[in-house]
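Reviewing the structure listed below.
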Amino acid sequence: MRQLDDLSLVAQVVAFHSAKAFEQLVRKYQSPVRHLFLHLTCGDSELSDDLAQDTFIKAYTGIASFKNLSDFSTWLYRIAYNVFYDYLRTRKETDDLDTRQVDAQCQTQQQDVGRQMDIYRALSTLKEAERTCITLFYMEDLSIEKIAGITGYPAGTVKSHLSRGKEKLATYLKQNGYGGN
């Protein structure tokens, strides 16, 4: 039923250029997309909002290319994924740093700002692909197949990123006083 509602709204946007129909899609998905970016940017809410806005602009301008080969949400997350990695590429070009600015911001946060920031710090130690897979699987509750569709990685690669990422997170958190005694 959910997919039918999405398809109906997409059809209205494509056929009638309905801003109201697209607004309903934005209302439905803006919180999950912002939530995804919040995790990928290690808690940078302003950057997350900017990236979410870019995602919805790209979705609106490219909605006619949605061919219903996957759920609308998968298509939208794929756009979000591309927006995030486009952002990373432009940051690398303009920052001229060996590490991403997002990682540096996460690591320079105050040491004791609570469990949430500890999780963001732990996420910042992961490779980008591992963090993306961990975020989509554990925080967005998406299946391995959906993550494969979003990232373009084969399912086996998604599983490998999840396994390595989970192991790195566990090690980091144990080294920083969580569990393991």
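The values are calculated or read from the model by the stated rules, or taken from the named source; none is laboratory data. Predicted, not measured: the structure shown is a model, and the values here were computed from it. Cβ: placed from backbone, ideal geometry, glycine included. Neighbour counts: every protein chain shown.
Data table
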read-out: Residue satisfying all of: in region 22-46; of a type in the set (A, V, I, L, M, F, W, C) and either surrounded by fewer than 15 Cβ atoms within 10 Å (Cβ to Cβ) or modelled with pLDDT of 95 or more (or both); nearest to the chain's Cα centre (by Cα) among these; value: VAL33
read-out: Residue selected from region 115-152 under the condition polar (S, T, N, Q) and part of a helix (DSSP H, G or I), by the criterion farthest from ILE79 (Cα to Cα); value: GLN116
read-out: Hey, ARG91 closer than 28 Å to LEU9 by Cα, assigned to a helix (DSSP H, G or I) and either at pLDDT 85 or above or of a type in the set (Lys, Arg) (or both) or not; value: no
read-out: Inter-residue pairs, beta-carbon under 6 Å, first more than 23 Å from ARG78 (Cβ to Cβ) and in region 153-172, second of a type outside the set (Asp, Glu), 6+ apart; value: LYS168/LEU126; LEU169/ALA122; TYR172/ALA122; TYR172/THR125
read-out: Condition check for ALA59: under 19 Å from ALA129 (Cα atoms), out of contact with any Gly (no Cβ under 9 Å at 6 or more places or on another chain) and buried (at least 18 other Cβ atoms within 10 Å of the Cβ); value: no
read-out: Verdict on ASP54 being surrounded by 14 or more Cβ atoms within 10 Å (Cβ to Cβ), at pLDDT below 90 and not hydrophobic (A, V, I, L, M, F, W, C); value: no
read-out: Some residue of region 100-121 being at pLDDT 80 or above and in contact with a Cys (Cβ under 6 Å, 6 or more places away or on another chain); value: yes
